Amino acid sequence: MLDINNIRKDFPILTAEVNGKPLVYLDNAATTQKPQCVLDTIIKGYSNQNANIHRGVHFLSQIATEAHEAARITVQKFINAEKNHEIIFTRGTTEAINLVASSFVRSDMINNGDEIIVSAMEHHSNIVPWQLQQSIKDIKLKVIPFDDKGVLDIESFKSMITEKTKLVSVTHCSNTLGTVNPIKEIIEIAHSHNVPVLIDGAQGVPHHKVDVQYLDADFYVFSGHKIYGPTGIGVLYGKEKWLEKLPPYQGGGEMIKNVSFELTTFNELPFKFEAGTPDYIGSTALASALDYVSNLGLDNIIAHENDLLAYATEKMKTIEDMRFIGESTNKSGLISFLVGTIHPYDMGTILDKLGIAVRTGHHCAEPVMHRFGIEGTVRASFALYNTRDEIDVLVAGIERAARMFRKKK
Ligand code: PMP
(Lines give C-alpha, C1' and ligand atoms only; values in the text may rest on other atoms or scores of the structure.)
Protein backbone atom coordinates (compact mmCIF):
# COMPACT_ATOMS: atom_id res chain seq x y z
CA MET A 1 0.00 0.00 0.00
CA LEU A 2 1.24 3.47 -0.87
CA ASP A 3 1.27 6.21 1.74
CA ILE A 4 -0.45 8.74 -0.50
CA ASN A 5 -0.45 11.59 2.00
CA ASN A 6 3.30 11.33 2.27
CA ILE A 7 3.72 10.88 -1.47
CA ARG A 8 1.72 14.06 -2.11
CA LYS A 9 4.47 16.01 -0.30
CA ASP A 10 6.79 15.10 -3.19
CA PHE A 11 4.66 17.20 -5.56
CA PRO A 12 4.99 20.92 -4.69
CA ILE A 13 2.04 22.04 -6.83
CA LEU A 14 -0.44 19.85 -4.95
CA THR A 15 -0.50 22.29 -2.01
CA ALA A 16 -1.78 25.07 -4.30
CA GLU A 17 -5.16 26.71 -3.87
CA VAL A 18 -7.38 27.52 -6.83
CA ASN A 19 -10.22 30.00 -6.41
CA GLY A 20 -9.68 29.86 -2.67
CA LYS A 21 -10.11 26.07 -2.58
CA PRO A 22 -7.48 23.34 -2.29
CA LEU A 23 -6.49 22.20 -5.77
CA VAL A 24 -8.03 18.86 -6.80
CA TYR A 25 -6.05 17.97 -9.88
CA LEU A 26 -7.90 15.44 -12.03
CA ASP A 27 -6.49 16.30 -15.46
CA ASN A 28 -3.70 13.76 -15.40
CA ALA A 29 -4.44 12.27 -18.81
CA ALA A 30 -3.54 15.67 -20.27
CA THR A 31 -0.41 16.01 -18.17
CA THR A 32 0.77 14.87 -14.74
CA GLN A 33 2.36 16.96 -12.01
CA LYS A 34 6.08 16.62 -11.32
CA PRO A 35 7.74 15.35 -8.15
CA GLN A 36 10.56 17.34 -6.54
CA CYS A 37 13.20 14.85 -7.74
CA VAL A 38 12.30 15.61 -11.37
CA LEU A 39 12.43 19.36 -10.71
CA ASP A 40 15.78 18.90 -8.93
CA THR A 41 17.20 17.00 -11.91
CA ILE A 42 16.28 19.87 -14.20
CA ILE A 43 17.84 22.48 -11.89
CA LYS A 44 20.91 20.32 -11.34
CA GLY A 45 21.25 19.68 -15.07
CA TYR A 46 21.33 23.35 -15.96
CA SER A 47 23.23 24.41 -12.83
CA ASN A 48 26.02 21.82 -12.75
CA GLN A 49 26.37 19.87 -15.96
CA ASN A 50 25.05 21.87 -18.86
CA ALA A 51 26.95 21.49 -22.14
CA ASN A 52 25.92 20.26 -25.56
CA ILE A 53 26.32 16.51 -25.74
CA HIS A 54 28.12 14.02 -28.00
CA ARG A 55 30.49 16.37 -29.79
CA GLY A 56 32.45 17.80 -26.89
CA VAL A 57 35.78 16.55 -25.54
CA HIS A 58 35.52 18.80 -22.51
CA PHE A 59 34.44 17.66 -19.06
CA LEU A 60 30.94 19.16 -18.93
CA SER A 61 30.05 17.82 -22.35
CA GLN A 62 31.20 14.38 -21.32
CA ILE A 63 29.13 14.23 -18.13
CA ALA A 64 26.08 15.63 -19.93
CA THR A 65 26.52 12.96 -22.62
CA GLU A 66 26.87 10.25 -19.99
CA ALA A 67 23.68 11.43 -18.25
CA HIS A 68 21.72 11.42 -21.54
CA GLU A 69 22.93 7.93 -22.45
CA ALA A 70 22.27 6.67 -18.91
CA ALA A 71 18.71 7.99 -19.29
CA ARG A 72 18.34 5.92 -22.45
CA ILE A 73 19.24 2.82 -20.45
CA THR A 74 16.73 3.75 -17.73
CA VAL A 75 14.01 3.94 -20.39
CA GLN A 76 15.21 0.69 -21.97
CA LYS A 77 14.89 -1.11 -18.64
CA PHE A 78 11.57 0.51 -17.80
CA ILE A 79 9.88 -0.96 -20.88
CA ASN A 80 12.22 -3.96 -21.13
CA ALA A 81 13.59 -3.22 -24.59
CA GLU A 82 16.25 -5.66 -25.70
CA LYS A 83 18.79 -3.05 -26.86
CA ASN A 84 19.41 0.51 -25.71
CA HIS A 85 19.73 1.80 -29.28
CA GLU A 86 16.09 0.77 -29.81
CA ILE A 87 15.17 3.78 -27.62
CA ILE A 88 14.89 7.03 -29.60
CA PHE A 89 14.23 10.26 -27.72
CA THR A 90 11.55 12.42 -29.33
CA ARG A 91 9.54 15.45 -28.22
CA GLY A 92 6.67 13.18 -27.24
CA THR A 93 4.11 10.70 -28.51
CA THR A 94 3.02 12.97 -31.33
CA GLU A 95 6.51 13.42 -32.70
CA ALA A 96 7.24 9.71 -32.34
CA ILE A 97 4.20 8.77 -34.42
CA ASN A 98 5.01 11.44 -37.00
CA LEU A 99 8.54 10.06 -37.18
CA VAL A 100 7.35 6.52 -37.88
CA ALA A 101 4.63 7.69 -40.29
CA SER A 102 6.97 9.88 -42.29
CA SER A 103 9.85 7.39 -42.41
CA PHE A 104 7.68 4.32 -42.98
CA VAL A 105 5.79 5.87 -45.87
CA ARG A 106 9.02 7.12 -47.50
CA SER A 107 10.49 3.61 -47.23
CA ASP A 108 9.93 0.82 -49.72
CA MET A 109 7.87 -1.09 -47.12
CA ILE A 110 4.66 0.52 -48.33
CA ASN A 111 3.46 1.44 -51.82
CA ASN A 112 0.58 3.15 -53.58
CA GLY A 113 -2.66 1.24 -52.96
CA ASP A 114 -1.46 -0.24 -49.63
CA GLU A 115 -3.34 0.05 -46.35
CA ILE A 116 -2.70 1.13 -42.76
CA ILE A 117 -5.13 0.16 -40.01
CA VAL A 118 -5.92 2.46 -37.09
CA SER A 119 -8.88 2.40 -34.70
CA ALA A 120 -11.87 4.69 -34.28
CA MET A 121 -10.76 5.58 -30.75
CA GLU A 122 -7.38 7.07 -31.70
CA HIS A 123 -6.13 10.44 -30.51
CA HIS A 124 -5.68 12.83 -33.45
CA SER A 125 -1.93 12.23 -33.04
CA ASN A 126 -2.47 8.71 -34.35
CA ILE A 127 -4.74 9.76 -37.22
CA VAL A 128 -3.42 12.97 -38.74
CA PRO A 129 0.25 11.87 -39.16
CA TRP A 130 -1.00 9.04 -41.41
CA GLN A 131 -3.35 11.35 -43.29
CA LEU A 132 -0.45 13.75 -43.94
CA GLN A 133 1.44 10.90 -45.58
CA GLN A 134 -1.40 10.39 -48.04
CA SER A 135 0.07 13.24 -50.09
CA ILE A 136 3.32 11.26 -50.40
CA LYS A 137 1.78 7.90 -51.34
CA ASP A 138 -1.74 6.81 -52.15
CA ILE A 139 -2.39 4.97 -48.88
CA LYS A 140 -5.76 3.90 -47.55
CA LEU A 141 -6.57 4.24 -43.84
CA LYS A 142 -8.85 1.51 -42.52
CA VAL A 143 -10.56 2.05 -39.18
CA ILE A 144 -11.40 -0.60 -36.54
CA PRO A 145 -14.81 0.27 -35.05
CA PHE A 146 -15.80 0.03 -31.38
CA ASP A 147 -19.14 -0.74 -29.74
CA ASP A 148 -21.44 1.37 -27.54
CA LYS A 149 -19.39 0.52 -24.46
CA GLY A 150 -16.16 1.59 -26.15
CA VAL A 151 -14.77 -1.90 -26.81
CA LEU A 152 -12.82 -2.51 -30.03
CA ASP A 153 -14.37 -4.96 -32.50
CA ILE A 154 -11.56 -7.47 -32.85
CA GLU A 155 -13.50 -9.67 -35.31
CA SER A 156 -13.87 -6.70 -37.59
CA PHE A 157 -10.13 -6.01 -37.21
CA LYS A 158 -9.35 -9.59 -38.24
CA SER A 159 -11.51 -9.31 -41.32
CA MET A 160 -10.01 -6.01 -42.50
CA ILE A 161 -6.41 -7.26 -42.76
CA THR A 162 -5.48 -8.01 -46.37
CA GLU A 163 -2.21 -8.58 -48.22
CA LYS A 164 -2.22 -4.80 -48.76
CA THR A 165 -2.07 -4.10 -45.01
CA LYS A 166 1.42 -2.82 -44.19
CA LEU A 167 1.05 -1.45 -40.66
CA VAL A 168 -1.39 -1.42 -37.74
CA SER A 169 -1.29 1.58 -35.39
CA VAL A 170 -3.54 1.51 -32.32
CA THR A 171 -3.68 2.99 -28.86
CA HIS A 172 -2.90 0.99 -25.73
CA CYS A 173 -5.56 2.93 -23.78
CA SER A 174 -8.08 5.45 -25.04
CA ASN A 175 -7.58 8.95 -23.62
CA THR A 176 -11.30 9.56 -24.02
CA LEU A 177 -13.03 6.28 -23.15
CA GLY A 178 -10.49 4.84 -20.75
CA THR A 179 -10.66 1.54 -22.65
CA VAL A 180 -7.61 -0.69 -22.34
CA ASN A 181 -7.18 -2.46 -25.65
CA PRO A 182 -6.02 -6.08 -25.94
CA ILE A 183 -2.76 -5.02 -27.56
CA LYS A 184 -1.01 -8.36 -27.18
CA GLU A 185 -3.84 -10.05 -29.07
CA ILE A 186 -3.86 -7.29 -31.71
CA ILE A 187 -0.11 -7.70 -32.21
CA GLU A 188 -0.45 -11.49 -32.49
CA ILE A 189 -3.21 -11.19 -35.08
CA ALA A 190 -1.22 -8.65 -37.12
CA HIS A 191 1.96 -10.70 -36.88
CA SER A 192 0.17 -13.79 -38.17
CA HIS A 193 -0.14 -11.72 -41.39
CA ASN A 194 3.46 -10.43 -41.09
CA VAL A 195 2.20 -6.93 -40.38
CA PRO A 196 4.09 -4.76 -37.86
CA VAL A 197 2.25 -2.89 -35.11
CA LEU A 198 2.76 0.54 -33.52
CA ILE A 199 1.25 1.04 -30.08
CA ASP A 200 0.42 4.55 -28.88
CA GLY A 201 1.32 4.19 -25.22
CA ALA A 202 0.67 7.80 -24.13
CA GLN A 203 -2.03 6.56 -21.73
CA GLY A 204 -0.54 3.07 -21.41
CA VAL A 205 2.87 3.53 -19.80
CA PRO A 206 1.64 5.60 -16.82
CA HIS A 207 -0.93 2.99 -15.74
CA HIS A 208 0.41 -0.40 -16.89
CA LYS A 209 3.52 -2.53 -16.77
CA VAL A 210 4.82 -2.39 -20.32
CA ASP A 211 7.20 -5.06 -21.54
CA VAL A 212 7.81 -4.48 -25.23
CA GLN A 213 9.50 -7.86 -25.66
CA TYR A 214 6.62 -9.74 -24.04
CA LEU A 215 4.15 -7.76 -26.16
CA ASP A 216 6.35 -8.27 -29.21
CA ALA A 217 5.48 -4.67 -30.18
CA ASP A 218 7.29 -3.37 -33.26
CA PHE A 219 6.96 0.25 -32.13
CA TYR A 220 5.77 1.59 -28.76
CA VAL A 221 5.63 5.34 -28.15
CA PHE A 222 4.92 7.54 -25.13
CA SER A 223 5.32 11.03 -23.66
CA GLY A 224 7.40 11.91 -20.60
CA HIS A 225 4.99 14.52 -19.27
CA LYS A 226 2.18 12.01 -18.78
CA ILE A 227 4.36 9.90 -16.47
CA TYR A 228 5.56 12.63 -14.07
CA GLY A 229 8.42 13.72 -16.36
CA PRO A 230 8.92 17.05 -18.12
CA THR A 231 7.23 18.29 -21.27
CA GLY A 232 9.17 18.20 -24.52
CA ILE A 233 10.60 14.70 -24.12
CA GLY A 234 9.14 11.39 -25.21
CA VAL A 235 10.14 7.99 -26.46
CA LEU A 236 9.97 5.97 -29.61
CA TYR A 237 10.79 2.33 -29.01
CA GLY A 238 11.33 0.46 -32.24
CA LYS A 239 12.67 -3.00 -32.93
CA GLU A 240 16.16 -2.70 -34.32
CA LYS A 241 15.18 -4.48 -37.54
CA TRP A 242 12.57 -1.80 -38.34
CA LEU A 243 14.63 1.18 -37.23
CA GLU A 244 17.49 -0.03 -39.43
CA LYS A 245 15.17 -0.16 -42.44
CA LEU A 246 13.52 3.23 -41.90
CA PRO A 247 15.11 6.32 -43.51
CA PRO A 248 15.96 9.27 -41.20
CA TYR A 249 13.14 11.60 -40.21
CA GLN A 250 14.96 14.92 -39.82
CA GLY A 251 18.41 15.98 -40.98
CA GLY A 252 21.22 17.73 -39.13
CA GLY A 253 23.30 17.34 -35.99
CA GLU A 254 24.34 13.94 -34.73
CA MET A 255 22.30 11.97 -37.27
CA ILE A 256 25.05 12.05 -39.93
CA LYS A 257 28.22 10.05 -40.44
CA ASN A 258 29.68 12.21 -43.21
CA VAL A 259 28.30 15.13 -45.15
CA SER A 260 29.35 16.33 -48.57
CA PHE A 261 27.42 17.90 -51.41
CA GLU A 262 27.94 14.69 -53.38
CA LEU A 263 27.01 12.11 -50.73
CA THR A 264 25.78 12.25 -47.14
CA THR A 265 25.80 9.11 -45.01
CA PHE A 266 23.88 8.54 -41.81
CA ASN A 267 24.89 7.65 -38.27
CA GLU A 268 24.03 4.39 -36.57
CA LEU A 269 21.08 3.86 -34.23
CA PRO A 270 19.84 5.59 -32.16
CA PHE A 271 21.56 8.78 -33.41
CA LYS A 272 20.17 8.39 -36.95
CA PHE A 273 16.81 9.52 -35.55
CA GLU A 274 18.01 12.20 -33.12
CA ALA A 275 18.73 15.19 -35.36
CA GLY A 276 19.74 18.48 -33.76
CA THR A 277 20.65 19.09 -30.13
CA PRO A 278 18.74 16.47 -28.13
CA ASP A 279 16.81 17.47 -25.03
CA TYR A 280 19.49 16.03 -22.76
CA ILE A 281 18.08 17.77 -19.67
CA GLY A 282 14.62 16.45 -20.51
CA SER A 283 15.90 12.91 -20.98
CA THR A 284 17.63 12.89 -17.59
CA ALA A 285 14.55 14.37 -15.91
CA LEU A 286 12.42 11.70 -17.58
CA ALA A 287 14.79 9.07 -16.18
CA SER A 288 14.27 10.60 -12.71
CA ALA A 289 10.52 10.32 -13.17
CA LEU A 290 10.78 6.67 -14.23
CA ASP A 291 13.04 5.94 -11.26
CA TYR A 292 10.51 7.64 -8.99
CA VAL A 293 7.73 5.42 -10.37
CA SER A 294 9.90 2.30 -10.10
CA ASN A 295 10.79 3.11 -6.49
CA LEU A 296 7.12 3.42 -5.52
CA GLY A 297 6.44 0.24 -7.48
CA LEU A 298 4.28 0.27 -10.60
CA ASP A 299 2.15 -2.56 -9.16
CA ASN A 300 1.32 -0.41 -6.12
CA ILE A 301 0.49 2.56 -8.34
CA ILE A 302 -1.76 0.43 -10.56
CA ALA A 303 -3.58 -1.02 -7.53
CA HIS A 304 -4.13 2.47 -6.09
CA GLU A 305 -5.37 3.92 -9.39
CA ASN A 306 -7.69 0.98 -9.99
CA ASP A 307 -9.15 1.52 -6.54
CA LEU A 308 -9.75 5.20 -7.36
CA LEU A 309 -11.38 4.28 -10.67
CA ALA A 310 -13.71 1.73 -9.06
CA TYR A 311 -14.55 4.08 -6.17
CA ALA A 312 -15.23 7.03 -8.49
CA THR A 313 -17.35 4.90 -10.85
CA GLU A 314 -19.54 3.61 -7.99
CA LYS A 315 -20.00 7.08 -6.49
CA MET A 316 -20.68 8.79 -9.80
CA LYS A 317 -23.25 6.15 -10.76
CA THR A 318 -25.49 7.52 -8.02
CA ILE A 319 -25.66 11.00 -9.60
CA GLU A 320 -28.96 11.67 -11.36
CA ASP A 321 -28.75 11.71 -15.19
CA MET A 322 -25.11 10.56 -15.14
CA ARG A 323 -23.99 9.14 -18.48
CA PHE A 324 -20.61 7.46 -18.78
CA ILE A 325 -18.88 7.64 -22.16
CA GLY A 326 -16.76 4.51 -22.19
CA GLU A 327 -18.01 1.53 -20.20
CA SER A 328 -15.58 -1.20 -21.08
CA THR A 329 -14.99 -3.69 -18.28
CA ASN A 330 -11.29 -3.15 -18.92
CA LYS A 331 -10.62 0.52 -18.23
CA SER A 332 -7.79 2.47 -16.69
CA GLY A 333 -6.99 5.96 -15.54
CA LEU A 334 -10.07 8.01 -16.30
CA ILE A 335 -13.80 8.55 -16.47
CA SER A 336 -15.50 10.49 -19.27
CA PHE A 337 -19.03 11.60 -18.54
CA LEU A 338 -21.99 13.87 -19.21
CA VAL A 339 -24.75 14.87 -16.81
CA GLY A 340 -28.16 15.38 -18.40
CA THR A 341 -27.95 18.15 -20.97
CA ILE A 342 -25.32 20.17 -19.11
CA HIS A 343 -22.66 21.29 -21.56
CA PRO A 344 -19.23 19.88 -20.62
CA TYR A 345 -17.75 23.38 -20.72
CA ASP A 346 -20.30 24.63 -18.15
CA MET A 347 -19.64 21.66 -15.89
CA GLY A 348 -15.87 22.20 -16.19
CA THR A 349 -16.21 25.90 -15.39
CA ILE A 350 -18.24 25.28 -12.23
CA LEU A 351 -15.85 22.56 -11.08
CA ASP A 352 -12.96 24.96 -11.64
CA LYS A 353 -14.61 27.49 -9.34
CA LEU A 354 -14.48 24.74 -6.71
CA GLY A 355 -10.76 24.18 -7.31
CA ILE A 356 -11.32 20.97 -9.30
CA ALA A 357 -9.32 20.61 -12.53
CA VAL A 358 -10.98 18.36 -15.12
CA ARG A 359 -10.78 18.50 -18.90
CA THR A 360 -13.74 19.21 -21.15
CA GLY A 361 -14.24 18.94 -24.88
CA HIS A 362 -13.39 16.38 -27.55
CA HIS A 363 -10.01 15.46 -25.99
CA CYS A 364 -8.37 15.45 -29.45
CA ALA A 365 -10.46 12.44 -30.42
CA GLU A 366 -13.23 13.92 -32.54
CA PRO A 367 -14.11 10.60 -34.22
CA VAL A 368 -15.03 9.23 -30.76
CA MET A 369 -17.42 12.16 -30.30
CA HIS A 370 -18.92 11.55 -33.75
CA ARG A 371 -19.45 7.88 -32.83
CA PHE A 372 -21.59 8.91 -29.84
CA GLY A 373 -23.17 11.93 -31.55
CA ILE A 374 -21.90 14.32 -28.86
CA GLU A 375 -19.77 17.46 -28.90
CA GLY A 376 -17.59 16.56 -25.98
CA THR A 377 -17.36 15.09 -22.49
CA VAL A 378 -16.08 16.00 -19.06
CA ARG A 379 -13.06 13.89 -18.19
CA ALA A 380 -11.67 13.18 -14.74
CA SER A 381 -8.34 11.38 -14.96
CA PHE A 382 -6.31 9.95 -12.12
CA ALA A 383 -2.70 9.70 -11.04
CA LEU A 384 -0.82 8.06 -8.21
CA TYR A 385 -1.25 11.11 -5.90
CA ASN A 386 -5.05 11.34 -6.10
CA THR A 387 -7.16 10.27 -3.13
CA ARG A 388 -10.65 8.98 -2.37
CA ASP A 389 -11.25 12.30 -0.57
CA GLU A 390 -10.62 14.11 -3.83
CA ILE A 391 -13.14 11.86 -5.57
CA ASP A 392 -15.66 12.83 -2.88
CA VAL A 393 -14.95 16.51 -3.60
CA LEU A 394 -15.44 15.84 -7.33
CA VAL A 395 -18.74 14.03 -6.80
CA ALA A 396 -20.03 16.79 -4.51
CA GLY A 397 -18.96 19.35 -7.13
CA ILE A 398 -20.77 17.54 -9.94
CA GLU A 399 -23.91 17.29 -7.80
CA ARG A 400 -23.73 20.97 -6.97
CA ALA A 401 -23.38 21.90 -10.66
CA ALA A 402 -26.27 19.59 -11.57
CA ARG A 403 -28.50 21.20 -8.92
CA MET A 404 -27.68 24.68 -10.27
CA PHE A 405 -28.67 23.67 -13.79
CA ARG A 406 -31.83 21.89 -12.68
CA LYS A 407 -32.89 25.07 -10.85
CA LYS A 408 -32.28 27.17 -13.95
CA LYS A 409 -34.59 25.02 -16.07
N1 PMP B 1 -2.10 9.67 -27.84
C2 PMP B 1 -2.86 9.65 -26.74
C3 PMP B 1 -3.67 8.41 -26.46
C4 PMP B 1 -2.89 10.74 -25.89
O5 PMP B 1 -3.65 10.71 -24.79
C6 PMP B 1 -2.09 11.87 -26.18
C7 PMP B 1 -2.10 13.10 -25.30
N8 PMP B 1 -3.36 13.51 -24.90
C9 PMP B 1 -1.29 11.84 -27.33
C10 PMP B 1 -1.32 10.73 -28.13
C11 PMP B 1 -0.40 12.99 -27.69
O12 PMP B 1 0.60 13.15 -26.72
P13 PMP B 1 1.60 14.38 -26.78
O14 PMP B 1 0.75 15.61 -26.90
O15 PMP B 1 2.33 14.31 -25.49
O16 PMP B 1 2.46 14.20 -27.97
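The values are calculated or read from the model by the stated rules, or taken from the named source; none is laboratory data. Only a predicted model underlies this, so the values are computations on that prediction, with no experimental measurement involved. Here the Cβ is made from the backbone with ideal geometry for all residues, glycine too, and neighbour counts use every protein chain on show.
Residue by residue, here is whether (1) of a type in the set (A, V, I, L, M); (2) within 21 Å of ASN5 (Cα to Cα) holds:
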{"site": "ASP352", "(1), (2)": "no, no"}
{"site": "HIS362", "(1), (2)": "no, no"}
{"site": "HIS370", "(1), (2)": "no, no"}
{"site": "THR377", "(1), (2)": "no, no"}
{"site": "ALA380", "(1), (2)": "yes, yes"}
{"site": "THR387", "(1), (2)": "no, yes"}
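Every residue in segment 6-52 that is over 26 Å from the mean Cα position of the chain (by Cα) and either under 20 Å from ASN300 (Cα atoms) or within 16 Å of the ligand (Cβ to nearest atom) (or both), please.
Residue satisfying the conditions is ASN6 alone.
Only one of (1) under 25 Å from the mean Cα position of the chain (by Cα); (2) surrounded by fewer than 17 Cβ atoms within 10 Å (Cβ to Cβ); (3) of a type in the set (A, V, I, L, M) fails for LEU60. Which number is that?
(1)
If I ask for residues that are surrounded by 16 or more Cβ atoms within 10 Å (Cβ to Cβ) and assigned to a helix (DSSP H, G or I), which ones from segment 129-141 would you list?
Correct list: PRO129, TRP130, GLN133.
Taking into account only those residues within segment 108-128 that are under 24 Å from MET369 (Cα atoms) and part of a loop (DSSP other than H, G, I, E, B), which is nearest to the ligand (Cβ to nearest atom)?
HIS123
Given the conditions (1) surrounded by 23 or more Cβ atoms within 10 Å (Cβ to Cβ); (2) within 16 Å of the ligand (Cβ to nearest atom), report the number of the one that ALA81 does not fulfil.
(2)
So which of SER260, SER283 is assigned by TED's automatic domain parsing to the domain that holds CYS173, assigned to a helix (DSSP H, G or I) and farther than 21 Å from LEU2 by Cβ?
None of the others qualify; the one that does is SER283.
Quick one: count up the residues across segment 85-94 that are closer than 19 Å to ASN267 by Cβ, within 15 Å of the chain's Cα centre (by Cα) and either near the ligand (Cβ under 9 Å from one of its atoms) or surrounded by fewer than 24 Cβ atoms within 10 Å (Cβ to Cβ) (or both).
Residues meeting the conditions: 1.
So that you can scan it fast, the table gives a plain yes or no per residue for (1) buried (at least 19 other Cβ atoms within 10 Å of the Cβ); (2) among the small types (Gly, Ala, Ser):
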position: LYS315; (1), (2): no, no
position: THR318; (1), (2): no, no
position: GLY333; (1), (2): yes, yes
position: GLY340; (1), (2): no, yes
position: MET347; (1), (2): yes, no
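Considering only segment 275-323, state which residues are of a type in the set (Phe, Trp, Tyr) and more than 30 Å from ILE256 (Cα to Cα).
Hits for segment 275-323 are TYR292, TYR311.
Checking the structure you have, find out if any residue of segment 255-265 is charged (D, E, K, R), in contact with a helix residue (DSSP H, G or I) (Cβ under 6 Å, 6 or more places away or on another chain) and more than 16 Å from the ligand (Cβ to nearest atom).
no
Please go through segment 375-409 and give me each residue that is among the small types (Gly, Ala, Ser) and out of contact with any Gly (no Cβ under 8 Å at 6 or more places or on another chain), ordered by number.
Once the filter is applied, which keeps residues that are among the small types (Gly, Ala, Ser) and out of contact with any Gly (no Cβ under 8 Å at 6 or more places or on another chain), segment 375-409 yields ALA380, ALA383, ALA396, GLY397, ALA401.
I'd like the full set of residues that are aliphatic (A, V, I, L, M) and within 19 Å of LEU243 (Cα to Cα), limited to segment 171-221.
ILE187, ALA190, VAL195, VAL197, LEU198, ILE199, VAL212, LEU215, ALA217, VAL221
Identify the residue in segment 349-386 that is β-branched (Val, Ile, Thr) and buried (at least 16 other Cβ atoms within 10 Å of the Cβ) and, among all such residues, is farthest from LYS9 (Cα to Cα).
So the residue we want is VAL368.
If only one of LYS9, LYS21, LYS83 is of a type in the set (D, E, K, R), assigned by TED's automatic domain parsing to the domain that holds GLY397 and touching a residue at least 40 places away in the same chain (Cβ under 8 Å), which one is it?
LYS21 is the lone residue from the list that is of a type in the set (D, E, K, R), assigned by TED's automatic domain parsing to the domain that holds GLY397 and touching a residue at least 40 places away in the same chain (Cβ under 8 Å).
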